[in-house]
Amino acid sequence: MLLWSGRFDVLLRAATGKLLSRPGPVNWCRAAPTWLREGGSRMERAVVRCVPSESKLSISFILDGSQKHMQRDQSEQLGRVLARIANNAVKGQTKVKKSKKNKIEQAATAEPLVRLSYKDEAVAEDVINADAWQDGAVLQVGDVKYLVERNPPTFKDVELPRYIMAGFPICAKLQIEFGELEKSDFQWYKQAKASAAAAPAVVESSWVEAGNERVFTPSNSDIGLKLKLRCRPGNSQRYGAARELEISSTVEAGPGTCAFDNRHLYTKKIAEESLIRTVSYNILADVYAQTDHSKNVLFPYCAPYALQIDYRQNLIKKELTGYNADIICLQEVDKTVFSDSLTPALDAFGLEGVFRMKEKQHEGLSTFFRRSKFSLLSQHDIIFSEALLTDYLHKDLLEKLCSYPAVKEKVLQRSSVLQVSVLESAKDPSRKICVANTHLYFHPKGANVRLTQIAIALSHIKHVTCDMYPGIPVLFCGDFNSTPSSGLYSLMKSGSISDDHEDWVSNGEEERCNMSLIHPLKLKSACGEPAYTNYVGGFHGCLDYIFIDSNSLEVEQVIPLPSHEEVTTHQALPSVSHPSDHIALVCDLKWK
Ligand code: 4LC
């Protein structure tokens, strides 16, 4: 076993000498950070990331002013990394010397002493990396000492939204490793306002503290200012390296009041333990909002900037977080909106989400649930077209559809999905709930296709709630693209539709498909049948519902929809004060 003992003494003496020659007593404050050692010798830090599931470990530290980031095998022996570091150090010195054109000194450059010690004892060279690099070990490279921090809390990804608006919450996207956001520190700063007397030559902006919570909502007095966030990742033991980030432009003016502001008056607090505040909302996908067809034909009354996703996201996040919901079912969710915007925002308010992309599309469904009230037990999502062909559950329906090949083909070509999440109550694990979420085919003449889609959905939900989790209640939210006068709505409520219903010929004789359907669920629309949940220039109607299992759930309160005046202030939806062409359904449900 090779130890460093030979050169150790020499080095120790040299280091001690240096310490003694340091001028004056160093008055370290009592709460000195870990990298400030007793006696005043300041150590650099070496961050080591080593997780069992990966074959490599990484070692990061600053050497000769440049950041080193080494990836080594966990099973490699320590001696090889130390040799590598020594070699790096020589190269670094050589560079400096070369620039001084001092060839003689360059030739004299020797490898510095590189060693790793733990509790003042050298770690043997044949110890493997995974074992050698312990938290609290000390790496020494020449006269520089580094305190090893193994797996400290670290922000892997931190991002601020591009577009910041007064009155709208900013929720940074924060990905933390080895830490918890609840145990991390946040400090928001705003640019100090330049007073009229201030010299215009001042380049450096000075910052004043603006808030110290995870979420910061700038006010109207912040319009035109830059903002900065300093965040320090933490866990119950310690903090890791802080990160700082600045917004890319300045705070913009907001729209003032929004169509949802009055609704928030009913949802100021999280609903009590026994209640489940539920939201269903088609948030209008960015992939649809900014097409020429949308700008010119569907929503010509809406200011183009208000159709931009960066603008709408501010409104969507404020609207959703302001409902203090326990379960949120969303439709038309772009993948990046889910991951970069909704997940960070709702996470800061205690909700966790799952996402299901439509087939061959760039948007899909998402379901969020409050962590303190629920945990996710299992997911049972299906693609309608795929389930119809492959799942034995739909055998009878598939057989019937074989008589109507045009309709069968159309159903198979649609990309719609059903998202099914089984949640368990945190307080009483015997209470479970099946949350289904869907967005059915949109075409005004597509009622026959939608009926077929809902038949698949209902068979699948019955399977989950009768066979897999016998007797658990159903909560079925979505954009069903069906008005209260449709066959679909009456099927949901009554449990059956006859084969002679007019909706079976919704797209004319060529697509006639007379089928009778039944389902055993006792469903009712929790928010009733509002005059409309979708209000665009050319159409308005009630297309969205929150269906509840009336055997086991009851409605405690329905949050009133915005008034007709609020909806039509800017002609129709979406608008500068409402982010979607749909209106969110919000209600408080109670276990029976
Ligand atoms: C969209 C629409 C569909 C609900 N609805 C009716 N007509 C519509 C036309 C368009 C919705 C409509 O906004 N989309 C096409 O894909 C998207 C988007 C997805 O939801 C899109 C892509 C590109 C550009 C713009 C949008 C409609 C009118 N009356 C109805 C009655 C019933 C159902 C639907 C409608 C009933 N019952």
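The values are calculated or read from the model by the stated rules, or taken from the named source; none is laboratory data. Model, not experiment: these values are computed from the prediction. Cβ placement follows ideal geometry from the backbone for every residue including glycine, while neighbour counts extend to all protein chains displayed. Protein only, heavy atoms only, side chains kept; ligands, DNA and RNA dropped before computing areas. Shrake-Rupley method; radii C 1.70, N 1.55, O 1.52, S 1.80 Å.
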Which of the residues that make up the range 170-202 are modelled with pLDDT of 80 or more and outside any strand (DSSP E or B)? A172, F178, G179, A192
Between a first residue in the range 318-333 that is under 13 Å from L284 (Cβ atoms) and a second residue that is in a helix (DSSP H, G or I), which pairs have beta carbons less than 6 Å apart while being 6 or more apart in sequence or on different chains? none
I'm trying to understand the selection: among the residues of the range 142-169, which are of a type in the set (A, V, I, L, M) and part of a strand (DSSP E or B)? V144, L147, V148, V158, M165
Among the residues that make up the range 246-258, is at least one of them of a type in the set (G, A, S), over 23 Å from the mean Cα position of the chain (by Cα) and either open to solvent by 40 Å² or more (accessible area, probe 1.4 Å) or within 16 Å of the ligand (Cβ to nearest atom) (or both)? yes
Considering residues of the range 350-389 that are polar (S, T, N, Q) and out of contact with any Ser or Thr (no Cβ under 6 Å at 6 or more places or on another chain) only, the residue farthest from R414 (Cα to Cα): S372
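Yes/no per residue for (1) crowded, with 21+ Cβ neighbours inside 10 Å; (2) over 31 Å from the mean Cα position of the chain (by Cα); (3) in contact (Cβ under 8 Å) with a residue 12 or more places away in the chain; (4) more than 14 Å from Y545 (Cβ to Cβ):
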residue	(1), (2), (3), (4)
Q413	no, no, yes, yes
K427	no, no, yes, yes
R431	no, no, yes, yes
N437	yes, no, yes, no
V464	no, no, yes, yes
D467	no, yes, no, yes
S485	no, yes, no, no
Which one is nearest to A436 (Cα to Cα), of the residues in the range 374-402 that are assigned to a loop (DSSP other than H, G, I, E, B) and open to solvent by 40 Å² or more (accessible area, probe 1.4 Å)? D391
What strands (runs of 3 or more DSSP E) lie completely within the range 206-264 and have 3 or more residues being closer than 17 Å to N314 by Cβ? none
Within the range 470-522, work out how many residues are of a type in the set (K, R) and touching a helix residue (DSSP H, G or I) at 6+ places or on another chain (Cβ under 7 Å). 1
